[in-house]
Each structure stands twice: as structure tokens, then as C-alpha cells.
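Below: one structure, written as C-alpha cells.
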Amino acid sequence: MWMWRTLAGAIAAVALITLPASAGPPGVLVMGDNLPANVDPHQIFDVPMQVYSLNTYDNLYRYQGNPPKLEPWLAQSHTVTTDGLTWEFKLRSGVKFHDGSEITADDVAYSFKRVLAIGKAPSGAFKPVLKPENVTALDKSNGRSLWEFRTDAGVNTTVTTFDWHGDQRVVVHAGGGVFAGAARGDGIWMFSLKGTMKSLPAGGVTSGGAGFGPGRAAAPAAARPVSADHGRQLYAEACVACHGEQGDGGHGGGPTLIKGLPADSIVAVSSAGRNNMPPFGRVYTDADLRDVAAYITNVLAK
């Protein structure tokens, strides 16, 4: 499996390949070939790419010698179950990427999952026999499966870590979930490197960031007049990308909104979602959606 974090070295290698070829000394073969379509070995599988990738990336095993023999490379060894269905590779220790970080089992698992997810020619040998969920990284200290957790949205910020009474904690922000139809939407996630944390007190967190304590039901919001100005702000925040600034369709592929849609229909569809549009009722109140509908019907559609 190719190690992806050597892209900087890959670019340098391409620069070398593009230099004019010169005749070599007697007995030396000077080879010339086309450049690969791109420098991602998970996408391209042809002769130029093999020449390039063998000089830039490393494999678990590699053919060596003449006649060629398959030898351990990044892997130190491997075992196979008697039914031939489970293969376990033990990695060499101390092998590092160009940035100095050590290669881990998780890096190898990521590479397998990535090539399967892209689904292009390099995945052809694996797709008939391997599913991404069956690729597992093991703890090198005890051979157990590493702990995994899946958030409702992508972790798209840097990781914050801190010490809490001797327990190292990790905090990440998972954002964009509401636009992907996730059940919980955006959120802040905290993990303990011990693998366990105490549960929150009964009642959880009170609204308004008041901290832990007995939960209290929030008072119902007082009815307020519909505000097209407020709707304009929300429209710019959540609708412009798909429906355009004037409501006549944006680059996100949303339909036009200025052909006489009634306000109640706009509220109902935007709250529940439809086709590729997520249910905005999870993050906006009914009053917010009525403000957006007022802006569309009273301003954009005029």
C-alpha cells in the first residue's frame, strides 16, 4: 500500500523526470516515458505511474532481485489464517515519513480505505475481496484493535489537547453535519486517551451555556413579527450557495425560488428537507424559516 504523505517528494521527483534526458555511459540504459496523468498512485495504474511511484512511495512488500522475489518492505512479516480470509501485517518500527512522523498501522489502514473509496484502477485487485470496514489497525503494543469513533460530521479543525488531572483530553470540532443530513449536526467532541470518561450528570447541560446541572425546560419563545430583514441574513447564510443571491439558482444546483412559491410551502420544505437539501428545521426555528420565506416572497420574488 502506498504511503500518501510523501507528496512533497513526489513533486520533486516529477521535476527531476522532466529534465532533458542525456546519453548515459556505456552499459547504462537511459529510459524515457510519458509522465503519469497525475501524481496520485491511488488513481493511476499504468507503466509511467509504476516507474514514478516505485521511486517515490513505499509498499508493504516489494519485488527485489533478478529473478524478482517478493520481499518485506514496510512490513516486517505477515500471517494468514487457515481459511485465507484474514491477513495480518506487522510493520517495521522506526520507519518515518518525509515530515519525520513515524508510520503507523493506522496510516496503512487509511491507505487501503482510500484506494477502495476512490475506486479507480489501482483498487481493482482489492475490490473483489476486501471491504473498507474490514481493514483494521491494531495497537502495536498489544495487538488489540485501536479505538475508533465516528462523529456525525467531518472533523475540520485542528485538534486541541490538554491535561485534566493527569488525563490527556482531546477536543475537536465536527462541522457541516446539518448540510449532510446528519442526525446531530455540528458539535464539539471531547475524548480521553484513557478510553473512558465519566458520564454527564443527569439532566445534562442547561441551555445558554450555564454548565452542568439539573436540566430545566426552556420557556417557549414569545411570538414575534415576521422580519424579512432577518430572513435576508439567514438566506445569505444558508441559501445563497444553492439558490443564488437573487433566488434564481446558484452553483449548488438549487431550483429557482422566485416563481410564486407560497410562504407556507417554503417553510414546510425548508424545515423537512427535500432531495439534496437538508432539513433546516433541525437548526432554525419556525420563526426563522418564516423570516426566510418572507424575504423570498416579499423581496426576491417581486
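Please treat every number below as a calculation from the coordinates, not as lab data. Note that the coordinates shown come from a computational prediction; the quantities given were computed from them, not determined experimentally.
What is the gain in length, in nm to one decimal, between D163 and W73 on full extension, counting 0.36 nm per residue of separation less the C-alpha to C-alpha distance?
Once the chain is fully extended between D163 and W73, it gains 28.6 nm.
In Å, what Kirkwood hydrodynamic radius results for region 228-300 from the alpha-carbon pair distances?
It works out to 11.7 Å.
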